[in-house]
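Beneath this line is the structure, given in structure tokens, with notes to follow.
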Amino acid sequence: MKQETNTKAVPPEAEQLRVLLVEDSELDAELVMHELARHDLVFTTKRVWREPDLVMALADFAPNVILSDYSMPSMNGLRSLQIAHELASDVPFIFVSGTIGEERAIEALKNGATDYVLKTNLGRLGPAVQRAIREAVDREARQSLEVARQQLATILEATPDFVCICDVNMMMKYVNAGGQEVLELPVLPKGGLRAEEYLPPTTREMLMQTAIPHVMKFGTWRGETELMNARGQFIPVSLVLIAHPNPDGSIEFLSTIARDVRDRKEYESQIRYLANYDALTGLPNRSLLQDRTAQAIRHSQRSGNPLALLVIDLDRFTLINESFGQAVGDQVLREAAARIQKLARDEDTVARLSADSFVILVVDVERADDALILANEITDAIGMPMVFDDRELQVSATAGVTLFPRDGEDMETLLRNANSALHRAKHQRHGGAQFYNSEMTDEAVNRIEAEANVRSALRRNELVLYYQPQFEAGSRRITGVEALLRWMHPGRGIVAPAQLIPIAEEIGLMPTIGDWVLQAACAQAVAWDKQGYEPIRMSVNVSVSQLHTGNLVERVKWILKSTGLPASRLELEITESGLMDNVAESAKVLKELKALGLFIAIDDFGTGYSSLSYLSRLPIDRLKIDQSFIARMIVDKNDREIVQAVLSLARVLELDVIAEGVETAEQLEFLVANGCPQAQGYLVSRPLSQEKMNAFLVMRKDLSGE
Ligand code: C2E
Ligand code: MG
Ligand code: MG
């Protein structure tokens, strides 16, 4: 019968040594005990000599040492050893025998006996037992250490965390299975792997600067950082670094435990996302909008550029939800969000504020009107049919617009005011969008309409040129014409340039319009030549914005070439005030124009405060005395004197002069009397359409008798 024993080889210090004697001779047993006692061993004994008793004693008595005779009538010594070995392998087993010979003794040792003592030499017994016990104690200590080590190794290998041991040269000498997986490491070569190859540069720097100095001083360092796996991906980890010192205090090696926190990081970023974004549309929510608005307000205060807050509200959204179901309602919201985002610029923030209300934070608003235009574009875009599952839906939206700083100092105020503009818009249906300041809306709407009209004027060929004759003051002989812009508005009839040019300037369209004027005027001059009229000079007004486009000289050159008009037949008129806005730059362009061989006149002269020194330096051919002086000179002495002064100035500077706005014979007489060579005005002719100008030229031809 096999029996488990709880035999423990090592007696706790306070306990007696339990000696099991396998001995048939009581006398020999006495001798053995005597010997043990002689060596100050404190012990109890139990004596057995038959197999079943031995088996039982191993279990019950749990000996610390077994002393066995070799040859007994009842049981062979080797059998006793075999049983002890099976049931209590850790317990030292010593043969005490008179008959064991050298050969058998060696065999016994081979079979697991600890020692043998000859009965003839019992003096050795005490030391042999002591040694056997000592060795057993050591063995057990080693075994339990090994067990503990094994257990730790099992735990280390089982944990998913990264565990690594590095030598002082930062070579990874051990990495557990979890660590190998996290870093996707190859099998660790014999010399280890260089730790720095698995650290992003920032981590490397942080370890050198912070963690390792800290560990040297305090033994451990904890923190969050990143490792890098074999594929170069960064792995966020929470990490503990431990220094293991030598007895002399120097560092023997370092160990690291790191936990892969990718999941947590992702979770955290998800939480952050949920805290800042709307789950349905993916747009920023009120909280993020608040941050961005506060930031934008600070930016606006520094830069001085206003910002706008647009609130967009879907009309009757609850009705959509109720009649088509929430799933369709969600689709509508997502589609509206997408359409809004498509129209907003990257630097603007589109947010969803509540069920069916969106907000757009527009930064660096150049013109307030732009915010209203964007709001209208958005409501128009939302108003385009939406198709879901073959079902077409028509949604409409309304917008309210506020501007910082004029309509509010903080987001709450701006939002409240934008909402009140929105509610007004809902009641008035004023094109879907309203400013908080309602007058502003009216003005903006007019302006926006006007701008759209001006743009289409050019596109629809509604611009035409009128021509007004210029003549010799004395003889009234025609010397040239001035081309004047007119807009043939389909609804409003003929629109004067004063209603067109300022808007065109504002929206940057004037250079394009001016280019068209130049082209058309030059082409007309050549056409009259071809019809056989006496060649006359063509005067064309040029705006300052045209002067500064950078390519005016090239354009004029090209137009002259393409129409075939000689440069000497073209005069460009530039207003005095425009010229004085940027003298240096204008002078440069004028010189280049002049070099082409054309004439340059200063228009509206007398109103722009030009200084004499400028005048003498600019390449000018002619001054056009502003019509306001001509209109008043008969009745007003001041104006009369101004006209006389301009005339004598022109004589001194050797410039040609023309008086504008001559309406009466009296005015013309005065001008002739004061030596003014040229004039232009209603007295001879109003500006004429091309057909009427044709007729005028025919009449002149007839008059001159050709
Ligand atoms: P401006 O160049 O001084 O042109 C003379 C203006 O005086 C014209 O007005 C003309 O119709 C008007 N006028 C001529 N004779 C008389 C008169 O006896 N009595 C009165 N009361 N007025 C007279 P318009 O055509 O309305 O043009 C106004 C201004 O618009 C022009 O003043 C010019 O500065 C600008 N403009 C016209 N066409 C163009 C153009 O093609 N390009 C540019 N840049 N400006 C243009
Ligand atoms: Mg003019
Ligand atoms: Mg003028």
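Derivation of every value follows stated rules applied to the coordinates shown; laboratory data play no part. Quick caveat: nothing in here was measured; it's all calculated off a predicted structure. As a convention, Cβ positions derive from the backbone with ideal geometry for all residues, glycine included, and neighbour counts pool all protein chains shown.
Observations, loosely collected:
- A straight chain from GLU103 to LYS692 at 0.36 nm per residue would run longer than the Cα-Cα distance by 197.2 nm.
- Taking every Cα-Cα distance in region 558-706 and sorting them into 10 Å bins starting at zero, the pair-distance distribution P(r) comes out as 10, 34, 34, 20, 3 percent.
- As a calculated quantity, the FRET efficiency between GLU449 and TYR609 at R0 = 30 Å, using C-beta atoms, amounts to about 0.25.
- Here VAL42 and VAL168 are evaluated by their C-beta separation; at R0 = 41 Å the FRET efficiency comes out at 0.25.
- Net lengthening on full extension, LEU31/GLN531 (0.36 nm per residue, minus Cα-Cα): 164.2 nm
- Our coupling estimate for region 117-124, obtained by passing each phi through the Karplus curve with A = 6.51, B = -1.76, C = 1.60 and θ = phi - 60°, is 10, 7, 4, 6, 10, 4, x, 6 Hz, Gly and Pro reported as x.
- q = 0.09, 0.11 Å⁻¹: log10 I(q)/I(0) that the Debye formula gives for the chain, counting C-alpha atoms only: -0.98, -1.12
- For region 470-493 versus region 129-151, the spacing of their alpha-carbon centroids is 122 Å.
- In this label model, ILE507 and GLU266 are separated by 5.2 nm, measuring between points 7 Å along each Cα→Cβ vector.
- Mean residue ellipticity at 222 nm, helices only, the chain: -14500 deg cm²/dmol; runs of at least 4 DSSP H residues each add -39,500 (n - 2.57), and the sum is divided by the number of residues.
- Sorted on the mean count of surrounding Cβ atoms within 10 Å across their residues, most packed first, peptides 420-426, 669-675 read 420-426, 669-675.
- Amide H partners (placed H, <5 Å) of ILE600, local residues excluded: LEU572, ASP621, ARG622
- Take the Cα of GLN499, step 7 Å toward its Cβ, do the same at GLN644, and the gap between the two points is 4.1 nm.
- Three semi-axes describe the equivalent ellipsoid of region 370-495; taken as square roots of 5 times the Cα gyration tensor eigenvalues and ordered largest first, they are 46, 22, 10 Å.
- For region 461-704, share of DSSP beta bridges that run antiparallel, in % to the nearest 5: 40
- With 0.36 nm allotted per residue and the present C-alpha distance subtracted, the ALA275-ASP621 stretch has 117.4 nm of extension available.
- Considering only region 277-454, percent of DSSP beta bridges that pair antiparallel, nearest 5: 90
- Sorting the segments 400-407, 240-247 by their residues' average number of neighbouring beta-carbon atoms within 10 angstrom, most packed first, yields 400-407, 240-247.
- Extending 7 Å from the Cα toward the beta-carbon at both GLU472 and ARG79 defines two label points whose distance is 16.2 nm.
- Phi to ³J(HN,Hα) by Karplus 6.51 cos²θ - 1.76 cosθ + 1.60 over region 33-45, Hz, x for Gly, Pro: 5, 4, 4, 5, 5, 4, 9, 6, 7, 9, 7, 10, 10
- Cα-based shape type of region 2-146, given that a ≥ b ≥ c are square roots of the gyration tensor eigenvalues and the cut on a/c is 1.5: rounded
- ³J(HN,Hα), Karplus 6.51/-1.76/1.60, whole Hz, each residue of region 611-625, x for Gly, Pro: 8, 4, 5, 5, 3, 5, 8, 7, x, 9, 9, 8, 10, 10, 5
- DSSP bridge orientation in the chain - percent antiparallel, rounded to nearest 5: 60
- Computed over region 338-383, the P(r) curve from all C-alpha pair distances, binned at 10 Å from the origin, holds 26, 61, 13, 0 percent per bin.
- Using only alpha carbons, region 290-395 has a radius of gyration to Kirkwood radius ratio (Rg to Rh) of 1.04.
- FRET efficiency for the THR120 to ALA153 pair, using the beta carbon distance and R₀ = 35 Å, is estimated at 0.10.
- Of the cross-linked pairs LYS557/LYS591; LYS530/LYS557; LYS530/LYS594; LYS557/LYS588; LYS561/LYS594, those separated by over 18 Å at the C-alpha level are LYS530/LYS557; LYS530/LYS594.
- Under 5 Å from the amide H of ASN541 lie the amide H atoms of ALA483, GLU573, each residue being 5 or more positions distant or on a separate chain, with H modelled from the backbone and absent for Pro and chain starts.
- Ordering of 387-394, 471-478, 101-108 by packing [mean C-beta count within 10 Å, highest first]: 471-478, 101-108, 387-394
- Convex hull volume per residue for region 159-265, taking Cα atoms only, in Å³: 99
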